[in-house]
Amino acid sequence: MSDWTAPAFTTALTASLAARAGITDLTDPKVRVLDYWPSADEGITDAIIVGYQAEDSTEHVAIGNQSQDETVTVHCEIRVVRPGAGQTVATACRTRAAFLLGEVADELREAAPDVGDQTVFARTDNRDLVQFPSTAGATAVRVCLIEFDVVYKARTS
């Protein structure tokens, strides 16, 4: 059986997103692109978390053929946190989170990581937006999370 493509896909997508101009141009704060779940010791900031969990299904392409199609679901999250409260802050969080999701979708459409013998397709799926108030230390903040999946199919041999 071929090597599982999810680790290589996650690493490559994280690197390409971290270098993507639409993401690197953002400041105040800079966006962190991570391929792991951040610990509580890490600062709360805007982040794209790629591949904190993944699963797949594999099927043979044809009888007697060693090639397989691996359909992989990579679970991801976008986090945006802003100090303050109210409609203006909530809208700013939501707008930034949606923009970041668009950057992920564009990267997959324009230059999906090529893993296995060939990446057949890659897309975002199962998007879920959650907004809520919280605190960071003694500061009131608004949080917007978008949990989503990256689904891709890779042909392997």
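Of note:
- Breaking point among (1) of a type outside the set (Lys, Arg); (2) surrounded by 17 or more Cβ atoms within 10 Å (Cβ to Cβ); (3) closer than 18 Å to Leu129 by Cα; (4) more than 17 Å from the chain's Cα centre (by Cα), for Trp4: (3)
- Residues in region 112-122 include at least one that is of a type in the set (Val, Ile, Thr) and assigned to a strand (DSSP E or B).
- Close pairs (7 angstrom Cβ cut-off, 6 or more residues apart or separate chains): outside any strand (DSSP E or B) and surrounded by fewer than 16 Cβ atoms within 10 Å (Cβ to Cβ) in region 31-58, modelled with pLDDT under 95 and among the hydroxyl-bearing types (Ser, Thr, Tyr) anywhere: Tyr36/Tyr52; Trp37/Tyr52
- Counting the residues of region 69-103 that are outside any strand (DSSP E or B) and of a type outside the set (Val, Ile, Thr) gives 16.
- Look at region 86-108: where a residue is touching a residue at least 40 places away in the same chain (Cβ under 8 Å) and a partner is in a helix (DSSP H, G or I), sitting 6+ places away or on another chain with Cβ atoms under 6 Å, you get Glu103/Gly22; Glu103/Ile23; Glu107/Ser16; Glu107/Leu17.
- Residue ID - farthest from Thr11 (Cα to Cα), chosen from residues in region 78-126 that are basic (Lys, Arg) and in contact with a helix residue (DSSP H, G or I) (Cβ under 7 Å, 6 or more places away or on another chain): Arg82
- Selection status of Ala140, over 30 Å from Asp41 (Cα atoms), more than 14 Å from the chain's Cα centre (by Cα) and part of a strand (DSSP E or B): no
- Residue match in region 105-126 (condition: surrounded by fewer than 16 Cβ atoms within 10 Å (Cβ to Cβ), under 14 Å from the mean Cα position of the chain (by Cα), farther than 18 Å from Leu17 by Cα and at pLDDT 95 or above): yes
- Qualifying positions in region 120-157 - touching a strand residue (DSSP E or B) at 6+ places or on another chain (Cβ under 7 Å) and at positive phi: Asn126
- Residues in region 15-29 that are surrounded by 13 or more Cβ atoms within 10 Å (Cβ to Cβ), more than 15 Å from the chain's Cα centre (by Cα) and not in a helix (DSSP H, G or I): Leu26, Pro29.
- Criterion violated by Gln66 - all others in (1) loosely packed, with under 13 Cβ neighbours inside 10 Å; (2) assigned to a helix (DSSP H, G or I); (3) in contact (Cβ under 8 Å) with a residue 24 or more places away in the chain satisfied: (2)
- Any chance Arg82 is surrounded by 15 or more Cβ atoms within 10 Å (Cβ to Cβ), of a type in the set (D, E, K, R) and out of contact with any Asp or Glu (no Cβ under 7 Å at 6 or more places or on another chain): yes
The values are calculated or read from the model by the stated rules, or taken from the named source; none is laboratory data. As the structure is a prediction and not an experimental result, all values here were calculated from the model. Reconstructed Cβ throughout: ideal geometry from the backbone, glycine too, with neighbour counts over all protein chains shown.
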